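Enquirer: Pasting a structure here, questions to come.
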Amino acid sequence: MIVVGAGIAGLATALRLAPLPVRVLTAGALRENTATAWAQGGIAAALGHDDAPALHQADTEAAGVGLVDPAVARAVTAAAPECLAQLEQWGARFDRTPQGDWALGLEGAHRRRRVVHVGGDGSGVAILNALIQQVRSTPSITVSENTPVNGLLADAGGVHGVRLAEGALPGRAVVLATGGLSGLYAETTNPLGAVGAGIAMAARAGAGVTDAEFVQFHPTAMAVGRDPMPLATEALRGEGATLVNGAGERLMADTPGGDLAARDVIARRIHAALAAGDRVYLDGRRAIGSAFAERYPSVHAACRAAGIDPATQLIPIRPAAHYHMGGIAVDDRGRTDLPGLWACGEVACTGLHGANRLASNSLLEGLVFARWIAEDIAASPVRSVADAGDGPTPPTATVPTAPWVAPWIRALMSRSVGVVRDNDGLARAIDALSAVAFDRDDPQRDHALTALLVATAAQRRCESRGGHLRRDFAHTQSPPPARQALTLAALCPQPPATHEPLVAAGGPVR
Ligand SMILES: Cc1cc2nc3c(=O)[nH]c(=O)nc-3n(C[C@H](O)[C@H](O)[C@H](O)COP(=O)(O)OP(=O)(O)OC[C@H]3O[C@@H](n4cnc5c(N)ncnc54)[C@H](O)[C@@H]3O)c2cc1C
């Protein structure tokens with residue numbers, strides 16, 4: 001079994017598969033280039049005395065603006081407490097109250113306190129460290145660091161392994177857990193290795209990609225001249241921090257939900273203020289004040305590095321690409337359209353997030369689906385991999401994929417496929433990206449392909465909903481237009497002969 005990626009999704013899948021033998025491949029060193037290590041808020045679960053999975057499900061569906069799959073939301077929120085208990089058994093130590101109860105944080109669009117955290121805003125790295133330690137003491141798991149995967153070994157029978165720089169690695173099951181794609185944007189909170197590699201690989205092998213247009217722009221990335229931009233966690237607003245404009249006036253005072261409205265609502269409001277020439281700040285002086293360093297050490301350190309004392313000064317912020325709701329289409333077991341291929345974590349589209357992710361639901365999704373994928377693989381009939389490579393696998397490109405995204409793609413994505421979109425900008429982006437995505441000699445081709453999937457889906461959705469705002473289609477349609485499943489064939493039905501051959505279209509949206 002092969003797992004590609006060593007964030008929460010990849011490592012939890014490998015642990016759940018034990019004692020079955022698993023090889024985890026990761027592009028860099030462990031911890032490097034994982035969004036998991038950067039997570040601040042924590043993991044959402046209905047653990048409070050006033051809470052229930054059904055309430056968590058309802059909040060998830062409300063945030064997703066009509067496109068959340070209710071069955072998936074029900075199952076994930078119900079599985080959350082067990083998965084957190086498992087995470088504790090693996091060594092994660094969540095913050096507790098002096099009475100020994102869970103210390104539950106409040107985040108935007110949650111109607112209850114339900115976010116468990118570790119070390120204030122250091123949740124991600126603490127959880128990842130626990131997983132890494134557990135993986136290292138699990139004999140069935142082998143980790144290969146500094147091993148980027150370039151593509152899948154696929155034929156009409158499905159996926160039989162992965163392509164590495166040094167050759168092919170066969171495997172009877174491949175789980176893609178390569179994380180998100182927000183590093184495709186010039187303004188991002190993600191590690192720069194979050195380039196949607198798994199989406200490009202899966203699409204080239206023929207898998208469907210769903211909801212690609214829905215990118216979440218986090219409203220409070222810190223505008224302090226760093227790339228990627230440090231995040232000021234939403235938990236700060238949960239504790240009373242407010243958004244103010246250049247004149248010191250409350251920005252969200254007249255909006256339902258105020259400073260804790262859904263992320264898309266706040267990001268649009270901030271984007272409009274900035275576009276009008278105003279400045280926007282997060283004000284934690286009264287609500288957090290001198291407790292910043294102790295309660296939010298990551299935010300405090302990022303502020304101090306920029307010469308800001310958040311206890312006494314405002315934090316300049318702006319929206320930045322943060323999370324991809326779309327991804328490789330999977331069913332309720334994490335199976336893709338292709339036999340032998342599963343996808344877990346941010347790279348997958350399960351239907352949990354719809355048009356907008358509820359805060360702290362993504363670590364949860366990776367954790368829960370890791371369990372279901374492992375159970376599914378363990379129960380799947382053993383496929384022979386002896387034939388891997390015998391069939392018509394896609395040809396190897398002549399140059400390896402570049403590890404980083406070209407600045408022109410990042411600038412294009414922020415400008416034309418960003419917080420506010422319109423047909424002209426999207427059409428220009430699609431033209432520019434198509435020229436690269438199907439050129440097998442261009443090291444940017446996979447980045448361009450993933451970006452092209454987002455831009456194409458955005459052009460086809462002629463309405464505004466959640467993370468997708470169209471200047472030229474400002475309304476939200478009722479009932480919602482169907483979720484979109486794109487395949488490579490749909491993007492470029494008649495490629496020039498010199499371009500990479502296309503693989504048959506994937507199945508319907510699930
Ligand atoms: C600043 C920040 C704060 C966040 N806070 C929260 C939060 O509080 N709560 C929450 O639920 N979510 C949060 N999120 C989102 C959440 O962290 C991510 O969605 C989640 O960690 C994704 O986990 P993953 O395992 O899918 O991917 P990642 O953790 O990103 O791991 C991806 C792995 O894939 C590897 N990889 C990528 N490409 C290749 C390749 N070609 N070959 C081999 N390996 C490859 C990478 O090296 C890495 O090991 C936050 C995100 C950010 C950026």
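Enquirer: Can we say Thr220 is open to solvent by less than 10 Å² (accessible area, probe 1.4 Å) and touching a Lys or Arg at 6+ places or on another chain (Cβ under 7 Å)?
Expert: Working: open to solvent by less than 10 Å² (accessible area, probe 1.4 Å): yes; touching a Lys or Arg at 6+ places or on another chain (Cβ under 7 Å): no.
For Thr220, the condition - open to solvent by less than 10 Å² (accessible area, probe 1.4 Å) and touching a Lys or Arg at 6+ places or on another chain (Cβ under 7 Å) - is not met.
Enquirer: Ok, one more. Mind checking which residues of region 1-32 are crowded, with 23+ Cβ neighbours inside 10 Å and either among the acidic types (Asp, Glu) or near the ligand (Cβ under 6 Å from one of its atoms) (or both)?
Expert: Val4, Gly5, Ala6, Gly7, Ile8, Ala9, Gly10, Leu25, Thr26
Enquirer: While we're looking at this one, here's another question. One residue is enough: does region 129-152 have a residue meeting the conditions out of contact with any Leu (no Cβ under 8 Å at 6 or more places or on another chain), within 15 Å of the ligand (Cβ to nearest atom), at pLDDT below 95 and open to solvent by 40 Å² or more (accessible area, probe 1.4 Å)?
Expert: Looking for residues that are out of contact with any Leu (no Cβ under 8 Å at 6 or more places or on another chain), within 15 Å of the ligand (Cβ to nearest atom), at pLDDT below 95 and open to solvent by 40 Å² or more (accessible area, probe 1.4 Å), one finds none in region 129-152, hence no.
Enquirer: For region 41-78, enumerate the residues that are in contact with a Leu (Cβ under 7 Å, 6 or more places away or on another chain), outside any loop (DSSP other than H, G, I, E, B) and of a type in the set (Gly, Ala, Ser).
Expert: Listed by number, the residues that qualify are Ala44, Ala63, Ala73.
Enquirer: Of the numbered conditions (1) more than 11 Å from the chain's Cα centre (by Cα); (2) within 18 Å of Thr450 (Cβ to Cβ), His324 satisfies every one except a single condition; which is it?
Expert: Only one criterion is unmet by His324, namely (1).
Enquirer: Being of a type outside the set (Phe, Trp, Tyr), away from the ligand (no atom under 11 Å from the Cβ) and more than 17 Å from Gly10 (Cα to Cα) narrows it down to one residue among Leu184, Leu164; which is it?
Expert: Details: Leu164 fails: away from the ligand (no atom under 11 Å from the Cβ).
None of the other options fit; the residue is Leu184.
Enquirer: Scan region 29-48 and report the pairs whose first residue is within 21 Å of His322 (Cβ to Cβ) and whose second residue is more than 8 Å from the ligand (Cβ to nearest atom) and β-branched (Val, Ile, Thr), with Cβ atoms within less than 6 Å and a gap of 6+ or a chain change.
Expert: So the pair list comes out as Ala37/Val125; Gly42/Val116; Ile43/Val116.
Enquirer: Can you report the number of residues in region 331-345 which are open to solvent by less than 10 Å² (accessible area, probe 1.4 Å) and over 21 Å from Val382 (Cβ atoms)?
Expert: 1
Enquirer: Can you tell me which residue among Ala109, Ala103, Ala73 is over 23 Å from the mean Cα position of the chain (by Cα) and closer than 27 Å to Asp259 by Cα? Before you say what the answer is, go through the steps one by one.
Expert: On the way: Ala109 fails: over 23 Å from the mean Cα position of the chain (by Cα); Ala73 fails: over 23 Å from the mean Cα position of the chain (by Cα).
Sole residue among the options that is over 23 Å from the mean Cα position of the chain (by Cα) and closer than 27 Å to Asp259 by Cα: Ala103.
Enquirer: Please count how many residues of region 457-484 are more than 20 Å from the chain's Cα centre (by Cα) and in a loop (DSSP other than H, G, I, E, B). Walk me through how you get there before you give the answer.
Expert: Quick first cut of region 457-484, residues more than 20 Å from the chain's Cα centre (by Cα) only: 459-464, 470-482.
Add one more test, that the residue is in a loop (DSSP other than H, G, I, E, B), and what stays is 461-464, 471-482.
Qualifying residue count, region 457-484: 16.
Enquirer: Between a first residue in region 101-130 that is in contact (Cβ under 8 Å) with a residue 24 or more places away in the chain and among the polar types (S, T, N, Q) and a second residue that is open to solvent by less than 30 Å² (accessible area, probe 1.4 Å) and part of a loop (DSSP other than H, G, I, E, B), which pairs have beta carbons less than 7 Å apart while being 6 or more apart in sequence or on different chains?
Expert: Note: pairs meeting the criteria are Ser123/Ala39; Ser123/Gln40; Ser123/Gly41; Ser123/Gly42.
Enquirer: Then there is this: Regarding region 189-211, can at least one residue be identified that is in the same structural domain as Ile308 (by TED's automatic domain parsing), modelled with pLDDT of 95 or more, away from the ligand (no atom under 16 Å from the Cβ) and open to solvent by less than 10 Å² (accessible area, probe 1.4 Å)?
Expert: No; the residues of region 189-211 include none that is in the same structural domain as Ile308 (by TED's automatic domain parsing), modelled with pLDDT of 95 or more, away from the ligand (no atom under 16 Å from the Cβ) and open to solvent by less than 10 Å² (accessible area, probe 1.4 Å).
Enquirer: Now for a separate question. Only one of Arg279, Arg269, Arg295 is farther than 23 Å from Leu358 by Cα and open to solvent by 60 Å² or more (accessible area, probe 1.4 Å). Can you tell me which? Give the derivation first.
Expert: Working: Arg269 fails: farther than 23 Å from Leu358 by Cα; Arg295 fails: farther than 23 Å from Leu358 by Cα.
Among Arg279, Arg269, Arg295, only Arg279 is farther than 23 Å from Leu358 by Cα and open to solvent by 60 Å² or more (accessible area, probe 1.4 Å).
Enquirer: Scan region 303-320 and tell me whether some residue there is away from the ligand (no atom under 16 Å from the Cβ), at pLDDT 95 or above, in a helix (DSSP H, G or I) and open to solvent by 10 Å² or more (accessible area, probe 1.4 Å).
Expert: Yes.
Enquirer: Here is a further query. Does Val368 meet the test of being under 18 Å from Gly467 (Cβ atoms), in contact with a helix residue (DSSP H, G or I) (Cβ under 9 Å, 6 or more places away or on another chain) and either free of Cβ contacts under 8 Å to residues at least 24 places away in the same chain or within 12 Å of the ligand (Cβ to nearest atom) (or both)? Give the derivation first.
Expert: Details: under 18 Å from Gly467 (Cβ atoms): no; in contact with a helix residue (DSSP H, G or I) (Cβ under 9 Å, 6 or more places away or on another chain): yes; either free of Cβ contacts under 8 Å to residues at least 24 places away in the same chain or within 12 Å of the ligand (Cβ to nearest atom) (or both): yes.
Considered against the rule, which asks whether it is under 18 Å from Gly467 (Cβ atoms), in contact with a helix residue (DSSP H, G or I) (Cβ under 9 Å, 6 or more places away or on another chain) and either free of Cβ contacts under 8 Å to residues at least 24 places away in the same chain or within 12 Å of the ligand (Cβ to nearest atom) (or both), Val368 comes out as no.
Enquirer: Separate question: Of these, Asp59, Asp51, Asp101, which one is open to solvent by less than 30 Å² (accessible area, probe 1.4 Å), away from the ligand (no atom under 16 Å from the Cβ) and farther than 22 Å from Ala374 by Cα? Explain how you work it out, then say what you get.
Expert: Details: Asp59 fails: away from the ligand (no atom under 16 Å from the Cβ); Asp101 fails: open to solvent by less than 30 Å² (accessible area, probe 1.4 Å).
Within the list Asp59, Asp51, Asp101, the selection yields Asp51.
Enquirer: Shifting gears a bit: I'm trying to understand the selection: among the residues of region 111-127, which are charged (D, E, K, R), open to solvent by less than 30 Å² (accessible area, probe 1.4 Å) and modelled with pLDDT of 90 or more? Explain how you work it out, then say what you get.
Expert: Going through region 111-127, the residues charged (D, E, K, R) turn out to be 111-114, 121.
Next cut, open to solvent by less than 30 Å² (accessible area, probe 1.4 Å) only: 114, 121.
Result: Arg114, single match.
Enquirer: In this structure, does Leu282 turn out to be under 27 Å from the mean Cα position of the chain (by Cα), in a strand (DSSP E or B) and touching a residue at least 12 places away in the same chain (Cβ under 8 Å)? Talk me through it step by step, then tell me what you get.
Expert: Working: under 27 Å from the mean Cα position of the chain (by Cα): yes; in a strand (DSSP E or B): yes; touching a residue at least 12 places away in the same chain (Cβ under 8 Å): yes.
Against the criterion (under 27 Å from the mean Cα position of the chain (by Cα), in a strand (DSSP E or B) and touching a residue at least 12 places away in the same chain (Cβ under 8 Å)), Leu282 qualifies.
Enquirer: Now, a different point. Could you look through region 346-356, keep only residues that are in a loop (DSSP other than H, G, I, E, B) and within 12 Å of the ligand (Cβ to nearest atom), and pick out the one that is surrounded by the fewest Cβ atoms within 10 Å (Cβ to Cβ)?
Expert: The qualifying residue surrounded by the fewest Cβ atoms within 10 Å (Cβ to Cβ) is Leu352.
Enquirer: Name the residues in region 167-181 that are assigned to a loop (DSSP other than H, G, I, E, B) and near the ligand (Cβ under 9 Å from one of its atoms), would you?
Expert: First pass over region 167-181, keeping only residues assigned to a loop (DSSP other than H, G, I, E, B): 171-173, 177-181.
Hits for region 167-181 are Ala177, Thr178, Gly179, Gly180.
The values are calculated or read from the model by the stated rules, or taken from the named source; none is laboratory data. Keep in mind that what you see is a predicted model, and the values were worked out from it rather than measured. We place every Cβ from the backbone using ideal geometry, glycine too, and count neighbours over all the protein chains shown. Only protein heavy atoms, including side chains, enter the accessible area calculation; ligands, DNA and RNA are left aside. Shrake-Rupley method; radii C 1.70, N 1.55, O 1.52, S 1.80 Å.
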